[in-house]
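This report refers to the structure that appears directly beneath it.
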Amino acid sequence: MIKEAIILAGGLGTRLRSVVSDVPKCMAPVNGNPFLYYVLSHLRKEGITDFIFSLGYKSGDIIDYIESSSDQLTIKNYQFSTEKEPLGTGGAIRLALEKTSGENVIIVNGDTLFSIDVNAISNFHLRQDADCTLCLKPMKNFDRYGVVELNSDQSIRSFKEKHFYPSGLINGGVYALNIARFKQETFPEKFSFEKDYLEKFTGKRKFYGIEQDRYFIDIGIPEDYERAQKELLISYGSLVKKSSGKQE
């Protein structure tokens, strides 16, 4: 099983400025805790032991939080990869990979909670000997996300642009990545992981998708950020009480 994860936590949170100002998106408060707290709590529960935080905007806020809360988060092995200037998702991942130690790594977004089964993703990724495996979330009646189409063997067939879909599989922003093969690719200094790697090389590299119909929320817009306040209190109520010092 893959035990190491990169957390992409460098986002500015521009669309959240009306409700949360001047903090990285992953540090937006949800029931007294940064949203990042819930992401890390789930990954720890799933067996991830080593964390690499890919940082950019206000990186000091995240570094301070992790260093002061590592005991509470039960995180012992962590490193920081900090961009001097925005490199895009691809450039940020490539920089963070310099701190990895294994052959494969899980990659997640710090402003999205997808309650993935890490063991299932790891086993599938390794069994397929994939270059990259995407965790896909089935959704209905949506227009905020594009759709990922699969072939019968679960390899990626295509990525479709955002518009209204009555149903479909979306890219949940969780990846299992073969490190050595990704490093062999040639990219510019700044590039998009989604556009310049996944979409560009679909059909040319071993890209697969695994469907997981589990809890998913992306707090990139105010409506979903407000929804997180209610839903995560229900799903993670005991964690919220413990972390805020309240009695259960």
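The values are calculated or read from the model by the stated rules, or taken from the named source; none is laboratory data. Quick caveat: nothing in here was measured; it's all calculated off a predicted structure. As a convention, Cβ positions derive from the backbone with ideal geometry for all residues, glycine included, and neighbour counts pool all protein chains shown. These accessible areas exclude ligands, DNA and RNA; they are computed on the full protein's heavy atoms, side chains included. Shrake-Rupley method; radii C 1.70, N 1.55, O 1.52, S 1.80 Å.
Taking the stated definitions as given, is Asn123 more than 18 Å from the chain's Cα centre (by Cα), in contact (Cβ under 8 Å) with a residue 40 or more places away in the chain and not in a loop (DSSP other than H, G, I, E, B)?
Details: more than 18 Å from the chain's Cα centre (by Cα): yes; in contact (Cβ under 8 Å) with a residue 40 or more places away in the chain: yes; not in a loop (DSSP other than H, G, I, E, B): yes.
Yes, satisfied.
In the range 140-170, the residue that is surrounded by the fewest Cβ atoms within 10 Å (Cβ to Cβ) out of those that are of a type in the set (Lys, Arg) and assigned to a strand (DSSP E or B) is Lys140. Mind listing just one residue for me: the one in the range 184-213 that is surrounded by 13 or more Cβ atoms within 10 Å (Cβ to Cβ) and of a type in the set (Lys, Arg) and, of those, nearest to the chain's Cα centre (by Cα)? Result: Lys195. Are any of the residues in the range 225-245 modelled with pLDDT of 95 or more, small (Gly, Ala, Ser) and open to solvent by 30 Å² or more (accessible area, probe 1.4 Å)? Within the range 225-245, not a single residue is modelled with pLDDT of 95 or more, small (Gly, Ala, Ser) and open to solvent by 30 Å² or more (accessible area, probe 1.4 Å). Taking the criterion of being open to solvent by 10 Å² or more (accessible area, probe 1.4 Å) and either more than 15 Å from Ala9 (Cβ to Cβ) or not in a loop (DSSP other than H, G, I, E, B) (or both), the residues of the range 38-58 that qualify are Ser41, Arg44, Lys45, Glu46, Gly47, Thr49, Asp50.
Quick one: which residue in Asp129, Asp61 is under 24 Å from Ser192 (Cα atoms) and either among the hydrophobic types (A, V, I, L, M, F, W, C) or open to solvent by 30 Å² or more (accessible area, probe 1.4 Å) (or both)? Break it down into steps so the answer makes sense when it comes.
On the way: Asp61 fails: under 24 Å from Ser192 (Cα atoms).
Going through Asp129, Asp61 in turn, the sole match is Asp129.
Note on the range 171-195: residues that are part of a strand (DSSP E or B) and of a type in the set (A, V, I, L, M, F, W, C) amount to 3.
Of Leu87, Leu136, Leu97, all but one fail to be open to solvent by less than 40 Å² (accessible area, probe 1.4 Å), under 21 Å from Tyr38 (Cα atoms) and touching a residue at least 12 places away in the same chain (Cβ under 8 Å); the exception is Leu136. Ile75 meets all of the listed conditions (1) open to solvent by 10 Å² or more (accessible area, probe 1.4 Å); (2) part of a loop (DSSP other than H, G, I, E, B); (3) farther than 27 Å from Asp129 by Cβ but one, namely (1).
Looking at Leu87, Leu55 in this structure, which one is aliphatic (A, V, I, L, M), touching a strand residue (DSSP E or B) at 6+ places or on another chain (Cβ under 8 Å) and over 29 Å from Ile234 (Cβ atoms)? Break it down into steps so the answer makes sense when it comes.
On the way: Leu87 fails: touching a strand residue (DSSP E or B) at 6+ places or on another chain (Cβ under 8 Å).
Only one candidate passes the filter, namely Leu55.
Give the residues of the range 87-120 that are part of a loop (DSSP other than H, G, I, E, B) and more than 16 Å from Lys206 (Cα to Cα), sorted by residue number. Those that are part of a loop (DSSP other than H, G, I, E, B) and more than 16 Å from Lys206 (Cα to Cα): Leu87, Thr100, Ser101, Gly102, Gly110, Asp111, Ser115, Ile116, Asp117.
Among the conditions (1) without any contact (Cβ under 8 Å) to a residue 12 or more places away in the chain; (2) assigned to a loop (DSSP other than H, G, I, E, B), Glu67 misses just one, which is (2).
Residue check: is Gly220 surrounded by 15 or more Cβ atoms within 10 Å (Cβ to Cβ) and not in a loop (DSSP other than H, G, I, E, B)?
Numbers: surrounded by 15 or more Cβ atoms within 10 Å (Cβ to Cβ): yes; not in a loop (DSSP other than H, G, I, E, B): no.
Considered against the rule, which asks whether it is surrounded by 15 or more Cβ atoms within 10 Å (Cβ to Cβ) and not in a loop (DSSP other than H, G, I, E, B), Gly220 comes out as no.
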